[in-house]
Amino acid sequence: MPKPAREQGLAPRSDDKPSLTLGPLHSGNWPSALLLFAYAICFSFAYLGLTAGTGALILFGSVQMTMIAVTLFRGERPRPLEWLGLVAAVGGLVYLVFPGLASPPLNSSLLMAAAGASWGIYTLRGRGSTDPLGQTTGNFIRTLPFAAVIAVIFLPNLHLSTRGITLAVLSGAVTSGIGYTVWYASLKHHTATRAAVLQLAVPVITAMIGVLLLAETADIRLVIAAALILGGIGLTHFKPPPQPTQKKPISPPPPPGPPIFPQTFFLQITPNPPPPPPPNPPKTNTKNLPPPPPIPPPKKKKLPPPPPTPQPPPKKNKNLSLTPHPFFFF
């Protein structure tokens, strides 16, 4: 199971939330600022020895490889259509910059690859952004000490002009700042693979702006490369329709229970279940058992004769008299 980006060190910390008292100095974090500075300084020095096409191919190739490798390491598995879109978009980029490719110097190539890797990790850290504008501003402010150190080192080679300073401020603080903020805000809606492929649209957008604003020509190579890159991006956003789930057959309703008494409208009284039958006694093997001994008949006890009942004495009749009755003698 993939771990959260915060546990991988690829998401901003909890102290990146904006504060009303400290402002942008409280937003952002030093690791993201260092990655942003590394991308900018390596990108700038690498193009001193690379052509535009070679530099773009190395830069975007490094970004794709970094983001895909980190995605696989975190346990995420891109869908087949995302892999297909990635191959198509990279193929379109190679076809677009192929005429300007040249054998690049090793040092410049390594610097451009480092710039792409720094930007890829910086992008992955932005997926957990809760305040894109505040965090981008805080990261830019935190890069100032690093830029000051580089400026001091190369101070004898600096040639400052009003036009150069104005263009640098517009390019860094305005266009890059707004672009990075919008990019941070949109990352939470895309997977890492889709975000990696989306960045391949930058050369196509740049070429189209050149055609519209700088009167450059749009040849068949630009059209084919744009179709491959935009088609690959579309494949990463395509989701197959969900498969219909099989409906389970509806079981018949259970039989009605016992009748409900009028006085218990919401209470249904059910009779107690019958007790379970007693377990059968274990069967014993009676073949090898000896016959039981005979049971003697019970002995009858002789009872003594009952005692004679006493007879009451005869009662004397007081009305009888022994005197002869006068009518007895004639």
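Of all residues in region 193-248 being assigned to a loop (DSSP other than H, G, I, E, B) and among the polar types (S, T, N, Q), which is modelled with the highest pLDDT? Step through it out loud before you land on a result.
In the first step, residues of region 193-248 are kept if they are assigned to a loop (DSSP other than H, G, I, E, B); the result is 199-200, 214-219, 238-248.
So of that shortlist, the ones also among the polar types (S, T, N, Q) come out as 199, 217, 243, 245-246.
Numbers: GLN199: 82, THR217: 75, GLN243: 61, THR245: 63, GLN246: 62.
Of everything passing the filter in region 193-248, GLN199 is modelled with the highest pLDDT.
Quick check on my filter: what residues within region 36-64 are closer than 20 Å to THR123 by Cβ and among the polar types (S, T, N, Q)? Walk me through it before giving the result.
Step one: of region 36-64, the residues closer than 20 Å to THR123 by Cβ are 36-44, 46, 55-64.
Across region 36-64, the qualifying residues are SER44, SER62, GLN64.
From the list LEU133, LEU144, the one residue that fits, being among the hydrophobic types (A, V, I, L, M, F, W, C), without any contact (Cβ under 8 Å) to a residue 24 or more places away in the chain and surrounded by fewer than 19 Cβ atoms within 10 Å (Cβ to Cβ), is LEU144.
Only one of the numbered conditions (1) part of a helix (DSSP H, G or I); (2) at pLDDT below 80; (3) under 38 Å from the mean Cα position of the chain (by Cα) is not met by HIS189, and that is (1). In the set SER103, SER118, SER108, only one residue is of a type in the set (Ser, Thr, Tyr) and outside any helix (DSSP H, G or I); that residue is SER103.
The values are calculated or read from the model by the stated rules, or taken from the named source; none is laboratory data. Since the structure is predicted, the reported quantities are computational estimates derived from the model, not experimental observations. When we count neighbours, we look across all protein chains shown, and the Cβ atoms used for this are built from the backbone with ideal geometry, even at glycine.
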